[in-house]
Amino acid sequence: MDAGNSSRRQFLVGSVSGLSSVWLQLHWPAILAAEVHARQAVESGRVAFEFFSREQAAVVEAAAAQIIPSDSRPGAREAGVIHFIDRALTSFDRDKQGIYTEGLLALQRKVQEMFPGNDNFSGLSSQQQIRLLTAIENTEFFEQVRVHTIMGFLAKPSYGGNQDQVGWKAIGFEDRMTYVSPFGYYDREFRKNQK
């Protein structure tokens with residue numbers, strides 16, 4: 001790194017990027033296994049979970065469905081992200097189990113506090129769920145559910161999550177083995193033609 005062009009921010013960003021890459025590389029086989037498990041679970045129609053109870057799975061799935069809702073396009077529920085999250089918690093993100101266990105208990109208490117007479121998040125109306133999630137959006141639990149939801153929604157469909165490529169379709173990604181370069185010149189080709 002050139003001392004004249006470097007800054008503490010650039011150093012920190014570079015360091016974090018490197019650490020993220022290392023973490024991803026170390027956990028990649030487990031991430032792929034989680035995606036395979038999720039795909040098989042959704043395809044088989046199996047409703048057994050490895051980490052969650054049925055009730056816990058319904059709560060996390062309802063939260064994920066509010067994070068990436070269904071509207072004119074399929075959302076997290078249709079993508080099968082709950083199966084990806086369940087597998088993640090028994091494989092590459094095993095260390096996050098406590099966040100979910102404690103977070104689900106805290107969520108249940110928050111449901112009872114905000115909506116007396118109700119004790120189940122998944123039984124609340126959509127508007128009530130959104131209101132409650134807004135109240136907990138700065139918690140470690142919500143952040144982890146959000147991250148896992150996005151991972152499951154955008155995962156390669158052949159590995160699980162993102163069933164029928166709903167996540168990819170939502171962002172306009174086309175799954176092709178080769179890509180055709182866009183019409184026009186790239187900078188390097190443009191500069192070469194200028195000489």
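The values are calculated or read from the model by the stated rules, or taken from the named source; none is laboratory data. Treat the numbers as computed from the prediction; the structure is a model and nothing was measured. Reconstructed Cβ throughout: ideal geometry from the backbone, glycine too, with neighbour counts over all protein chains shown. Heavy atoms of the whole protein, side chains included, go into the accessibility calculation; ligands, DNA and RNA do not. Shrake-Rupley method; radii C 1.70, N 1.55, O 1.52, S 1.80 Å.
Taking the stated definitions as given, is THR149 more than 20 Å from GLN66 (Cα to Cα), modelled with pLDDT under 95 and out of contact with any Ser or Thr (no Cβ under 9 Å at 6 or more places or on another chain)? Spell out the reasoning first.
Working: more than 20 Å from GLN66 (Cα to Cα): no; modelled with pLDDT under 95: yes; out of contact with any Ser or Thr (no Cβ under 9 Å at 6 or more places or on another chain): yes.
No.
Suppose we filter the stretch 133-157 for residues that are aliphatic (A, V, I, L, M) and touching a helix residue (DSSP H, G or I) at 6+ places or on another chain (Cβ under 6 Å); how many remain? It would help to see each step written out before you state the result.
Step one: list which residues in the stretch 133-157 are aliphatic (A, V, I, L, M), which gives 133, 135-136, 145, 147, 150-151, 154-155.
Narrowing the set further to residues that are touching a helix residue (DSSP H, G or I) at 6+ places or on another chain (Cβ under 6 Å) leaves 133, 136, 145, 154-155.
Residues meeting the conditions: 5.
Run down ARG109, ARG131 and say which single residue is within 18 Å of ALA57 (Cα to Cα), surrounded by fewer than 14 Cβ atoms within 10 Å (Cβ to Cβ) and basic (Lys, Arg). Outline the logic, then answer.
On the way: ARG131 fails: within 18 Å of ALA57 (Cα to Cα).
Going through ARG109, ARG131 in turn, the sole match is ARG109.
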Pairs where the first residue, in the stretch 136-152, is within 13 Å of ILE99 (Cα to Cα) and the second is open to solvent by less than 30 Å² (accessible area, probe 1.4 Å) and outside any helix (DSSP H, G or I), C-beta under 9 Å, 6+ apart: GLN144/ASP93; HIS148/LEU89; HIS148/ASP93
Among (1) more than 13 Å from the chain's Cα centre (by Cα); (2) of a type in the set (Gly, Ala, Ser); (3) closer than 14 Å to ALA64 by Cα - the single one GLY161 does not satisfy: (1)
Residues of the stretch 56-93 classified as out of contact with any Ser or Thr (no Cβ under 8 Å at 6 or more places or on another chain), under 18 Å from LEU104 (Cβ atoms) and not hydrophobic (A, V, I, L, M, F, W, C), total: 6
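Of everything in the stretch 125-157, what is charged (D, E, K, R), farther than 16 Å from LEU89 by Cβ and assigned to a helix (DSSP H, G or I)? Give them in sequence order. Give the steps one after another, and end with the answer.
Just the residues of the stretch 125-157 that are charged (D, E, K, R), to begin with: 131, 137, 140, 143, 146, 156.
Still in the running and farther than 16 Å from LEU89 by Cβ: 131, 137, 156.
Listed by number, the list holds a single entry, ARG131.
Would the stretch 178-187 turn up any residue that is surrounded by 12 or more Cβ atoms within 10 Å (Cβ to Cβ) and either in a loop (DSSP other than H, G, I, E, B) or at pLDDT 80 or above (or both)? Working first, answer last.
Step one: list which residues in the stretch 178-187 are surrounded by 12 or more Cβ atoms within 10 Å (Cβ to Cβ), which gives 185.
Cutting the leftovers down to either in a loop (DSSP other than H, G, I, E, B) or at pLDDT 80 or above (or both) gives us 185.
So far as the stretch 178-187 goes, yes, one or more of its residues are surrounded by 12 or more Cβ atoms within 10 Å (Cβ to Cβ) and either in a loop (DSSP other than H, G, I, E, B) or at pLDDT 80 or above (or both).
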Selected residue (criterion: farthest from GLN127 (Cα to Cα)) from residues of the stretch 60-95 that are aliphatic (A, V, I, L, M) and open to solvent by 20 Å² or more (accessible area, probe 1.4 Å): ILE68
Counted residues, the stretch 137-176 - those being β-branched (Val, Ile, Thr) and open to solvent by 20 Å² or more (accessible area, probe 1.4 Å): 4
